[in-house]
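Written out below as structure tokens is the structure these notes cover.
Throughout, read-outs are computed from the coordinates displayed, never taken from laboratory work. Computed from a prediction, not measured in an experiment: that's the story for all the values here. Here the Cβ positions follow ideal geometry from the backbone for every residue, glycine too, while neighbour counts run over all protein chains shown.
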Amino acid sequence: MPLPLITDWHFYAFAIPAVLLLGISKSGFGAGFGSLAVPLMAMSVSVPKAAAILMPLLLVMDLMGIHAFRRHVDWPLFRRLIPWALLGTVIGTVLFGYLSAPVVAGIVGILTLLFLAQRLLFPPRADSPAPPHWLGHLLTTTSGFTSFVAHAGGPPLNAYVIPLRLPPLLFTGTMAYMFFIINLSKWVPYGFLGLLNWENLGTSLALLPFAPIGVFIGVRIAHRIDPLWFYRLVYAGMFLTGCKLVWDGAKHLIG
């Protein structure tokens, strides 16, 4: 018996670009573009449903990402940050029923735009010190929380990691492993909260062919792009994400 799935073509008009953007984000452009996936899909289904549909696709993309960049990981940074990211997942599980995804999205959007404004108005010098560890722990916990609620964990983590000025491939690999573990940690809580069902799984399988296409496009770009343009694209993705998330949060509060 075939799995049930969403058949409305309007859904796929938003879902296919969302999956491609998510795949490209797994190549190293942080989650600047990837954080647009849930808001984009939420134009045709609810935020929790969009997040649940993306879960199996995230697993496939994460596996491709960690394979492609397995030799480019800052392991000391990874080991220092991953416990704080998992703490954010726990907080997200506890608070999921109390905070709506649009409100969380709006908070993430505001933080993202403030970070970009700070980088543009007060650009760091070459000899600027790295951000303090306590700030990294706070932003990484926030990343785990916002990733759980709306798959929007990239901007807070980017806000800490980008100023470290890692080479593009090292940035890419470290982020790939971080979000592989973060996304893997969400499966049991998502199942416990009733977000995983057969229709969502069937729809995920229908979208699966587009996942490797997005990752392939992004990996090709990440290996060839100049570091200056790499981070310009990261900033562009974060700007678009911030605007979209703030808009979603404002609509929820006004409505």
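Brief remarks follow.
- Calculated P(r) tail over 18 Å for region 49-188, as whole % of Cα pairs: 56 percent
- Length gained when the stretch I110-R79 is fully extended (0.36 nm per residue, less Cα-Cα span): 8.4 nm
- According to the calculation over all Cα-Cα pairs in region 29-108, the P(r) per 5 Å bin from zero is 3, 11, 15, 24, 23, 14, 8, 2, 0 %.
- Prolate/oblate/rounded call for region 179-255, Cα gyration tensor, a/c under 1.5 rounded: oblate
- Fully extending the segment from H252 to L208, taken as 0.36 nm per residue of separation minus the present Cα-Cα distance, adds 12.8 nm.
- Judged by the ratio a/c of the largest to the smallest principal axis of the C-alpha gyration tensor, region 119-229 counts as oblate, that ratio being 1.5 or greater while a/b is no larger than b/c.
- Residue with peak Gaussian network fluctuation, the chain [Cα springs, cutoff 10 Å], from V38, V60, V94: V94
- Farthest positive-ward along the chain dipole, Cα basis, beta-carbon charges - from L166, F239, I107: L166
- Considering only L120, A150, L86, and ranking their Cα positions along the charge dipole of region 65-204 that arises from unit charges at the beta-carbon of Lys, Arg, Asp and Glu, the one farthest toward the positive end is L120.
- Over every Cα atom in the chain, the radius of gyration and the widest Cα-Cα span, Dmax, amount to 17.1, 62 Å.
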